[in-house]
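The values are calculated or read from the model by the stated rules, or taken from the named source; none is laboratory data. Keep in mind it's a predicted model, so treat the numbers as computed, not measured. Because the Cβ atoms are built from the backbone with ideal geometry, glycine has one as well, and the counts that use them run over all protein chains shown.
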Amino acid sequence: MLDDTDRRILRHMQADPELPTAELATKAGVSAAVCWRRLEKLRAGGVLLGQEAVINWRALGYAVEVSLRFTLDKTRREAFDEFLTEARKVPEVIEIQTFLGRVDVRLNVLARDMAHYQDLYRTRILTLPHIADIEALMQIATIKSGEVLPV
């Protein structure tokens with residue numbers, strides 16, 4: 001269970017993930033050694049899963065983002081596994097989620113432009129196995145993004 005010190009450390013990490021441990025410790029009101037030990041405990045306990053780079057894909061030329069929702073033909077037991085195995089091989093697929101309900105899988109796909117997306121859709125997406133239905137949602141804007149929650 002998290003105590004107040006752990007919560008302070010996590011709050012400050014969420015606000016500024018690039019803080020060096022010494023600065024994080026100062027903001028959280030603990031010594032650098034205590035902060036380091038707490039961070040290690042949070043990692044070992046599965047609370048902190050790691051740190052990652054957040055890339056502005058538009059700045060790298062990827063202007064089109066599409067969310068594809070799939071319903072799979074589930075008449076074969078291995079449909080999910082085979083679909084997911086092949087979807088992971090498409091480099092432009094940046095996120096894969098599975099669901100319970102009418103939609104089975106959602107892929108988030110990036111493309112440089114609509115011509116690139118059309119080619120990707122025809123040559124890589126439509127060839128994925130066990131597709132019964134696809135719905136495409138073109139992203140217009142990101143209003144909120146992030147995983148910051150109150151702790």
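List the number of the failed condition for E86; all other conditions in (1) in contact with a Leu (Cβ under 8 Å, 6 or more places away or on another chain); (2) surrounded by fewer than 17 Cβ atoms within 10 Å (Cβ to Cβ); (3) modelled with pLDDT under 95; (4) of a type outside the set (S, T, Y) hold.
E86 satisfies all of (1) in contact with a Leu (Cβ under 8 Å, 6 or more places away or on another chain); (2) surrounded by fewer than 17 Cβ atoms within 10 Å (Cβ to Cβ); (3) modelled with pLDDT under 95; (4) of a type outside the set (S, T, Y) except (3).
Could you check segment 64-131 for strands (runs of 3 or more DSSP E) lying wholly inside it with 1 or more residues that are of a type in the set (D, E)?
64-72, 93-98
State whether one or more residues within segment 33-41 are closer than 20 Å to S145 by Cβ and surrounded by 12 or more Cβ atoms within 10 Å (Cβ to Cβ).
Scanning segment 33-41, I find no residue that is closer than 20 Å to S145 by Cβ and surrounded by 12 or more Cβ atoms within 10 Å (Cβ to Cβ), so the answer is no.
For every residue, the table says whether it meets (1) acidic (D, E); (2) modelled with pLDDT of 95 or more; (3) more than 21 Å from V54 (Cα to Cα).
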site: P91; (1), (2), (3): no, yes, no
site: R102; (1), (2), (3): no, no, yes
site: L107; (1), (2), (3): no, yes, no
site: A115; (1), (2), (3): no, yes, yes
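Kindly evaluate V151 against the criterion of being in a strand (DSSP E or B) and in contact with a Leu (Cβ under 7 Å, 6 or more places away or on another chain).
So V151 fails the test.
Being at pLDDT 95 or above, buried (at least 16 other Cβ atoms within 10 Å of the Cβ) and in a helix (DSSP H, G or I): is that true of A59 here?
Details: at pLDDT 95 or above: yes; buried (at least 16 other Cβ atoms within 10 Å of the Cβ): no; in a helix (DSSP H, G or I): yes.
Criteria not met by A59.
Take the residues of segment 81-110 that are aliphatic (A, V, I, L, M) and out of contact with any Asp or Glu (no Cβ under 8 Å at 6 or more places or on another chain): which is farthest from T123 (Cα to Cα)?
Looking at residues that are aliphatic (A, V, I, L, M) and out of contact with any Asp or Glu (no Cβ under 8 Å at 6 or more places or on another chain), I get L100.
I'm told V64 meets every condition in (1) modelled with pLDDT of 95 or more; (2) more than 30 Å from T5 (Cα to Cα); (3) loosely packed, with under 15 Cβ neighbours inside 10 Å except one. Can you identify the failing condition by its number?
(3)
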